[in-house]
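S.K.: One structure is given below, represented as structure tokens, and several questions about it will come after.
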Amino acid sequence: MVTATERDEMTWYRCDACGLLLSDQTDAEQHEEHCDAEDPSYLQ
């Protein structure tokens, strides 16, 4: 499930599994379909 959130006068879409914020709802939904709910690889 993707949750819409307002931050810095913009709407962001948060992946409920890992918490990643994306500015595009479609991108967020696609991310969530493939999210393994572990720490995102971009933090490594």
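A short reminder: the numbers here are calculations on the coordinates, not readings from a lab. Owing to the predicted nature of the structure, the values given are computational and were not obtained by experimental measurement. Heads up, the Cβs are rebuilt from the backbone with ideal geometry, glycines too, and the neighbour counts pull from every protein chain shown.
S.K.: Search the range 21-33 for residues that are in contact (Cβ under 8 Å) with a residue 24 or more places away in the chain and within 14 Å of MET10 (Cβ to Cβ) and pair each with any residue that is part of a loop (DSSP other than H, G, I, E, B) and not small (Gly, Ala, Ser) when their beta-carbon atoms are under 7 Å apart and the residues are at least 6 apart or on different chains.
M.R.: none
S.K.: To continue, here is another question. In the range 1-26, what residues are assigned to a helix (DSSP H, G or I) and surrounded by 13 or more Cβ atoms within 10 Å (Cβ to Cβ)?
M.R.: Matches in the range 1-26: GLN25 only.
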